[in-house]
Amino acid sequence: MPIPEDVTGEEIDKDVRQELQSLPKTLADDVAKNLVMVARLIDEDPEGAYAYSKVALRLASRVAAVREAGGFAAYANQKYSEALAEFRAARRMTGNVDLWPVMADCERGLGRPEKALDMAGAPEVHKLDKAGQVEMRLVAAGARRDMGQLDAAIVTLQSPELASNSMQPWTARLRYAYADALLAAGREPEAREWFAKAVEADRDGSTDASDRLAELDGVEFMDALAEDEDEAEDKDEGEGGDAAVEEKD
């Protein structure tokens, strides 16, 4: 896989760089560059990120950070079985519980929501930081919805973090999930209220809460390009009509 000239490998997190110090320097540099490409592409080009992750895994599969990156790349491509295997490997190497919520979400992706709920009640959850616990709550609510338990999903999301006015990195997603669950349960007025609260918290546009809110308010958006094309067609038709009249005369 080609590596752009501007990628040096120094862009990676210092903790990852420290993990790679167990490798020969040239190999460590190559792995680092591939990990940079995974991080760079995973949102906009998940297939490309996955390809770079496979290179990194081939070069250094015994490095936990590489297994974790491989897991996230597989997860982004909905390869949940592969992602879960990589996350489990990374966890065995480090003993870290940070990956617990995404591992549970892989179980959902594999059609095993009951397993995800079991993980949501496991002792590992208590070892997660606040962000991880919120993420676990989101996964558990999703598992409830997978099982058709809408009311239980709504209750699962009701928490001090949801009620708090403090803006945290997870606030928009938590409010959005709650609004979406309310809407699925037919509680539209409450859903609208929470979509509006999600918009308030979503400063970086990580959700489509504003679109969902507009949809509930009956606002229709017309694609600008389509609108221009329609105007051009109307103009052409008008010009064609004038020409036909002139020819008749």
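The values are calculated or read from the model by the stated rules, or taken from the named source; none is laboratory data. From a predicted model like this one, the values you see are computed outputs, not experimental measurements. All Cβ positions, even for glycine, are placed from backbone atoms using ideal geometry, and neighbour counts span all protein chains on display. Calculation scope for accessible area: heavy atoms of the full protein, side chains included, ligands and nucleic acids excluded. Shrake-Rupley method; radii C 1.70, N 1.55, O 1.52, S 1.80 Å.
A compact table of results
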item: Flag if D202 is more than 26 Å from V97 (Cβ to Cβ), touching a helix residue (DSSP H, G or I) at 6+ places or on another chain (Cβ under 9 Å), surrounded by fewer than 21 Cβ atoms within 10 Å (Cβ to Cβ) and touching a residue at least 24 places away in the same chain (Cβ under 8 Å); result: yes
item: Residue in the range 137-145 that is surrounded by fewer than 22 Cβ atoms within 10 Å (Cβ to Cβ) and over 18 Å from F195 (Cα atoms) present; result: yes
item: Pairs where the first residue, in the range 172-187, is open to solvent by 30 Å² or more (accessible area, probe 1.4 Å) and the second is not β-branched (V, I, T), C-beta under 6 Å, 6+ apart; result: Y176/A198; Y176/A209; L183/A191; A184/L150; A185/L150
item: Residue check, N96 at pLDDT below 95, surrounded by fewer than 18 Cβ atoms within 10 Å (Cβ to Cβ) and not aliphatic (A, V, I, L, M); result: yes
item: Top-ranked residue in the range 69-83 [being crowded, with 24+ Cβ neighbours inside 10 Å and of a type in the set (A, V, I, L, M, F, W, C); ranked as nearest to P101 (Cα to Cα)]; result: A83
item: Verdict on A226 being part of a helix (DSSP H, G or I), open to solvent by less than 50 Å² (accessible area, probe 1.4 Å) and modelled with pLDDT of 90 or more; result: no
item: Selected residue (criterion: surrounded by the most Cβ atoms within 10 Å (Cβ to Cβ)) from residues of the range 154-167 that are in contact (Cβ under 8 Å) with a residue 12 or more places away in the chain and in a loop (DSSP other than H, G, I, E, B); result: S159
item: Hits in the range 10-47 (condition: surrounded by fewer than 18 Cβ atoms within 10 Å (Cβ to Cβ), closer than 18 Å to L59 by Cα and not hydrophobic (A, V, I, L, M, F, W, C)); result: E10, R17, Q18, Q21, S22, P24, K25, T26, D29
item: Enumeration of residues in the range 52-84 that are within 19 Å of the chain's Cα centre (by Cα) and aliphatic (A, V, I, L, M); result: A69, A73, A74, A76, A83, L84
item: Some residue of the range 8-22 being of a type outside the set (V, I, T) and touching a Lys or Arg at 6+ places or on another chain (Cβ under 7 Å); result: yes
